[in-house]
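A.B. asks: Structure below; questions to follow.
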Amino acid sequence: MKSALFTISIDDGHPLDLKIAELLKRYDIPATFYIPHQNSEGHPVLHTSALCELAKHFEIGSHTLDHKALTHLTDKQAWEQIIKGKQELEDRIGFAIQGFSYPLGEQNPVHRKMVQTAGFHYARTTNNLHLQTGDDCYALPTTVQFFPHQRQVLLRNYFKQGELSQRYPAFKICMNNACILDRVTHLFDYAMHEHQVFHLWCHSLDLEKYNLWSMLDIVCRHIAEKTQPEQRVTNFKLTQLMSSSPKSHESNTEFA
Ligand SMILES: [Zn+2]
């Protein structure tokens with residue numbers, strides 16, 4: 001994929017997601033909100049009426065039934081979380097959804113297959129520091145979380161997740177910019193300059209907890225100024241472009 005693209009996803013369906021939605025609408029930025037039916041961690045989830053309003057303007061994806069890490073469950077329980085989360089969400093909004101995000105990013109090949117079998121078209125992980133979509137649409141990576149991570153956390157994640165040379169450019173920019181605002185804008189500028197993909201993700205509860213609202217506003221204004229509307233896409237649109245990209249086509253041909 002050679003065109004510079006921006007996408008943003010928001011996890012957990014907290015009522016404060018509506019505040020992010022207002023901000024994104026102001027800058028004409030599409031987004032994908034991943035919603036669990038309920039949150040076993042005790043956080044509230046958007047009511048159906050608010051969810052339906054959100055679905056008029058943004059992509060809605062599933063984040064399981066109860067927001068439970070799939071790797072902590074039996075296969076049967078994981079399947080129920082995946083399939084029932086999809087059915088409940090579709091019943092609430094009244095139409096089929098395409099996307100799924102793994103709670104806490106926890107998943108393995110069995111879960112990826114389950115998500116595909118359940119009828120999802122793609123799934124997002126929390127793997128970070130990627131500036132490309134990769135080849136597996138059931139393991140869609142991200143670039144960076146809008147969260148004030150300490151350098152040692154980034155360093156630990158960098159080595160834990162592997163693909164070090166591929167992730168090095170984004171890692172270096174993160175390590176050189178301690179402030180989340182500088183980190184995200186510099187990463188974004190680099191991705192656009194290199195015709196890559198920039199995938200930002202966040203939780204609205206973190207924005208509230210760490211007082212990041214004004215920073216997200218600045219970032220969104222920056223993105224809106226530096227991109228054309230067609231460069232700003234939902235996660236689903238990104239995966240559609242990914243499957244139609246020459247690189248993906250070539251690899252499909254190899255297996256044909
Ligand atoms: Zn989550």
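A.B. asks: Test residue 81 against the criterion of being within 16 Å of the ligand (Cβ to nearest atom) and in a loop (DSSP other than H, G, I, E, B), and give yes or no.
C.D. replies: Spelling it out, it is not the case that residue 81 is within 16 Å of the ligand (Cβ to nearest atom) and in a loop (DSSP other than H, G, I, E, B).
A.B. asks: Among (1) closer than 17 Å to residue 9 by Cα; (2) out of contact with any helix residue (DSSP H, G or I) (no Cβ under 6 Å at 6 or more places or on another chain), which single condition is residue 122 missing?
C.D. replies: With (1) closer than 17 Å to residue 9 by Cα; (2) out of contact with any helix residue (DSSP H, G or I) (no Cβ under 6 Å at 6 or more places or on another chain) applied to residue 122, the lone miss is (2).
A.B. asks: List the number of the failed condition for residue 56; all other conditions in (1) within 16 Å of the ligand (Cβ to nearest atom); (2) free of Cβ contacts under 8 Å to residues at least 12 places away in the same chain; (3) in a helix (DSSP H, G or I) hold.
C.D. replies: All conditions are met except number (1).
A.B. asks: Filter segment 4-21 for residues that are farther than 17 Å from residue 141 by Cα and not aliphatic (A, V, I, L, M); which is nearest to the ligand (Cβ to nearest atom)?
C.D. replies: Ranking the candidates gives 12 first.
A.B. asks: Output the residues belonging to segment 90-104 that are more than 9 Å from residue 64 (Cα to Cα), within 16 Å of the ligand (Cβ to nearest atom) and out of contact with any Asp or Glu (no Cβ under 9 Å at 6 or more places or on another chain).
C.D. replies: 104
A.B. asks: I've got another one for you. Any residue in segment 70-81 that is closer than 27 Å to residue 144 by Cβ, in contact with a helix residue (DSSP H, G or I) (Cβ under 6 Å, 6 or more places away or on another chain) and touching a residue at least 24 places away in the same chain (Cβ under 8 Å)?
C.D. replies: Checking segment 70-81: at least one residue is closer than 27 Å to residue 144 by Cβ, in contact with a helix residue (DSSP H, G or I) (Cβ under 6 Å, 6 or more places away or on another chain) and touching a residue at least 24 places away in the same chain (Cβ under 8 Å).
A.B. asks: From the residues in segment 125-152 that are assigned to a loop (DSSP other than H, G, I, E, B) and out of contact with any helix residue (DSSP H, G or I) (no Cβ under 7 Å at 6 or more places or on another chain), which one is nearest to residue 79 (Cα to Cα)?
C.D. replies: 136
A.B. asks: Which numbered condition trips up residue 116, out of (1) surrounded by fewer than 17 Cβ atoms within 10 Å (Cβ to Cβ); (2) over 24 Å from residue 100 (Cβ atoms); (3) not β-branched (Val, Ile, Thr)?
C.D. replies: Residue 116 satisfies every listed condition except (2).
To keep it simple, each residue is scored yes or no on (1) over 14 Å from the mean Cα position of the chain (by Cα); (2) without any contact (Cβ under 8 Å) to a residue 24 or more places away in the chain.
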position	(1), (2)
136	yes, no
141	no, no
146	no, no
150	yes, yes
155	yes, yes
169	yes, no
182	yes, yes
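A.B. asks: Look at segment 87-106 and say how many of its residues are surrounded by fewer than 24 Cβ atoms within 10 Å (Cβ to Cβ) and either in a loop (DSSP other than H, G, I, E, B) or among the polar types (S, T, N, Q) (or both).
C.D. replies: Count: 7.
Every read-out reported here was derived from the displayed coordinates using simple, explicitly stated rules and does not represent laboratory data. Values in this document were obtained by computation on a predicted structure and should not be read as measured data. Reconstructed Cβ throughout: ideal geometry from the backbone, glycine too, with neighbour counts over all protein chains shown.
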